[in-house]
Amino acid sequence: MTDKQELIGRLISAFRDAGSLDGAIEDLAAHRLGISPADLRCLNAIENAGGLTAGDLAREVGVTTGAVTGAIDRLEKVGYAERVPDPGDRRRVRLAVTPHFRQGAEAIWAPLAADWQRRMAARFTAAELETIVEFLDLVGEIGGEHRDRLAEEGRGPQ
């Protein structure tokens, strides 16, 4: 195995470990917010995208539109998400997170974000951070392609 292949293997391992840890934090955060981890994934997708349609949300989190409708109903009920008119097409509805969710999320993630800011700034140069962002963008691109592949394979013959 070449040094580069070994490094990529170590990178994959470290990324998976970080993903597992992130999943554990998400589970604890969901519990604190009084929702399921799956519903928190929906909120994160909505917030990260700056709002999504129900169909886009279903695709983003890898579930059916029926499953995402149930999640949206639950999130509206607890006041964490709302349906809002799409500014580009008033016939469409988009989902947005509410200030109530942001307030609860702030209490959970602000200390983590502050630690990220402090420790990343102390450890990495701006150029290194650009490379890390580029890496994570590529990871997201690859992951999205394989999410779509798995979703398509899961549909089977129609």
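What follows draws every value from the coordinates through simple rules; no lab data is involved. As the structure is a prediction and not an experimental result, all values here were calculated from the model. A quick note on method: Cβ atoms are made from the backbone with ideal geometry, for glycine too, and the neighbour counts reach across all protein chains shown.
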TODO: Would you please put 56-68, 23-35 in order of how densely packed they are, using the mean number of other Cβ atoms within 10 angstrom per residue and starting with the highest?
DONE: 56-68, 23-35
Task: FRET E, pair residue 91, residue 13, Förster distance 35 Å, beta-carbon r, rounded to 0.05 - done: 0.15
Open item on the list: Per 0.36 nm of contour for each residue apart, how much would the distance between residue 24 and residue 114 grow if the chain were fully extended, relative to their Cα-Cα spacing?
Closed with: 30.5 nm
TODO: For residue 52, enumerate residues with amide H under 5 Å from its amide H, sequence gap 5+ or separate chain, H modeled in the peptide plane.
DONE: 95
Open item on the list: At a 10 Å Cβ-Cβ cut-off, how would you order 2, 131, fewest neighbours first?
Closed with: 2, 131
Task: Within the chain, helix-based [θ] at 222 nm, where runs of 4 or more DSSP H residues each add -39,500 (n - 2.57), nearest 500 - done: -26000 deg cm²/dmol
